[in-house]
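Heads up: the structure comes next, in structure tokens.
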Amino acid sequence: MRVTLMGSGDAVGVPAPLCGCEYCVESERRRRPAVLVEVDDRTVVLDIGPDIARQLDEMDVYDVDGFFATHAHFDNYWGINELGQAAMKRAGHGREEFDSAASDPEFTVYGSRPVRTFTEDTFPYVLDYLDYEPVDPGEAVRADDVRIRAFAVDHGTTAFPTQGYAVSAGERTVVYAPDVDGPGEIPDYCVDADLLFFDGSVLDEERRGDRDATELREFARRFEADRIVATNVSEHGLGRHTDSIGEGTAFEIWSDFDSVSL
Ligand SMILES: [Zn+2]
Ligand SMILES: [Zn+2]
């Protein structure tokens with residue numbers, strides 16, 4: 001299993017829009033959240049942010065079996081429009097050259113029923129072309145030896161119910177817990193993973209406002225993963241330079257496209 005963090009940034013990424021602050025200027029570029037999991041010839045992508053097309057292009061990935069949506073916030077989901085374009089071309093609505101085998105995307109989007117409803121209300125046109133299969137917390141999708149199971153995540157908003165995913169193949173498991181605003185149940189299949197991606201905004205005491213960042217970092221540890229890697233990292237948002245982020249915590253700070261073989 002090869003796991004690549006294609007987007008380590010937060011909702012706006014780094015640099016932040018129109019920002020020339022010292023943190024944006026001196027930091028590396030961070031794209032919106034996305035994780036690529038490759039197992040033999042199966043390819044799975046977690047989160048569908050607005051950078052998704054460029055991220056996959058950077059990885060030379062043109063064949064994805066499934067995209068898994070965590071929730072419908074802009075930075076995690078609105079790349080669905082890009083996928084809609086790809087699917088539309090597949091359906092023959094593009095120019096002739098799009099019909100070539102090299103540009104024949106065949107994929108399924110998975111996500112909760114509430115995200116499907118959001119899509120029907122907001123981007124109904126993409127559902128004319130995309131295959132969207134509902135998968136809610138506790139449910140699983142299997143492709144050959146790869147199993148993807150959804151679990152509920154407390155993102156502090158009923159408007160955007162949120163779920164993470166555990167991706168397993170053989171003895172290996174990677175868990176993706178996106179925007180986390182409160183501790184919750186950790187299903188058995190998320191415990192003791194090789195790798196956990198967890199909302200890195202819990203590294204900031206002030207930004208969490210009324211939420212308890214210490215409690216959320218403790219929640220991350222309760223997954224008992226071998227390694228914890230931060231998502232939603234922003235030097236701009238934290239007002240800190242890269243070296244000091246994550247200091248004194250169990251969290252690793254990766255760059256975009258850092259990867260590990262499990
Ligand atoms: Zn800035
Ligand atoms: Zn969110």
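Here are a few things to note about the model shown:
- Count - residues of the range 3-36 that are β-branched (Val, Ile, Thr), surrounded by 19 or more Cβ atoms within 10 Å (Cβ to Cβ) and either at pLDDT below 95 or within 11 Å of ligand 1 (Cβ to nearest atom) (or both): 1
- Total residues in the range 228-262, condition surrounded by 13 or more Cβ atoms within 10 Å (Cβ to Cβ), part of a strand (DSSP E or B) and small (Gly, Ala, Ser): 2
- Filter pass, residue 126 being in contact (Cβ under 8 Å) with a residue 40 or more places away in the chain and either under 16 Å from the mean Cα position of the chain (by Cα) or in a strand (DSSP E or B) (or both): no
- Any chance residue 175 is among the hydrophobic types (A, V, I, L, M, F, W, C), buried (at least 19 other Cβ atoms within 10 Å of the Cβ) and out of contact with any Cys (no Cβ under 6 Å at 6 or more places or on another chain): no
The values are calculated or read from the model by the stated rules, or taken from the named source; none is laboratory data. Quick caveat, the model's predicted, so the values are computed rather than measured. As a convention, Cβ positions derive from the backbone with ideal geometry for all residues, glycine included, and neighbour counts pool all protein chains shown.
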